[in-house]
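Below: the structure, in structure tokens.
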Amino acid sequence: MAPDSGDGLATPKGGIGCLLTGAAFTLLPTAMGLFLLYVAILQPLQRAAGAIEWVATPCTILSSEVVEEQISGTSGRGETRTSTSSTVYRAAIRYEYEFGGRRYESDQYDFNDTVDGSQGWQREAVESLPPGTRTECFVDPDRPDQAVLRRDSRVNYWAVVLVLPLFVVGAAAFYVTMGALRPGSPDDVER
């Protein structure tokens, strides 16, 4: 029979401190994955769903280009420290519209505020909306300074590929760690 920790739960080898440390380390990737899942996937979808009531309004494209940005950082420690640099792209499309008798400008293409490592969709968006093009944007009637050209949301596949596994692995590790607290758990308990 496994020793009782006083609360009716089996005590795993290494003690409750080891178990709590394991739980803390598994919660970190779970929490990070959950946060990034919300920011990169759920929040844009939520904002797009909220924009269903936005008003379709004529607009004119003022400028349209793919902007290349350099993101740099460092990794490593001491003498092994290295600089890293990545190129990312953003569709910079500025347009004007009139709503409620006032003129506004916006550069919000859709609800995904992310940049991308490839130029694919950005190049297509820019080529389909050259300066001078008359098109339609969607305006928030409660905050007319808020508008988008596309009120649907692109799926960030990189987020699904990178963030979802982080969350799933962290949650699974946490579940396994917490499974050691089940009453009468015969595996890996002190005898």
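Coordinate-derived values only; no laboratory data. Worth saying up front: this structure is predicted, and the values here are computed from it rather than measured. Heads up, the Cβs are rebuilt from the backbone with ideal geometry, glycines too, and the neighbour counts pull from every protein chain shown.
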* What are the residues whose amide H is under 5 Å from the amide H of residue 99, where those residues sit 5 or more places off or on another chain and H is modelled from the backbone? -> 104
* **Per-residue ³J(HN,Hα) for the stretch 101-108, Karplus 6.51 cos²θ - 1.76 cosθ + 1.60, θ = phi - 60°, Hz, x for Gly and Pro** => x, 10, 8, 10, 10, 8, 10, 7
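Work out the FRET efficiency for residue 166 and residue 60 from their Cβ-Cβ distance, taking R0 = 45 Å, and round it to the nearest 0.05. Mind showing how you got there, number by number?
Values: r = 42 Å, r/R0 = 0.94.
FRET efficiency, residue 166 to residue 60: 0.60.
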* Structure fact -> So residue 36 and residue 21, fully extended at 0.36 nm per residue minus their Cα-Cα distance, gain in nm 3.1 nm
* Would you please give the residues with an amide H less than 5 Å from that of residue 133, counting only those at least 5 places away or on a separate chain, with H modeled from the backbone geometry? => 61
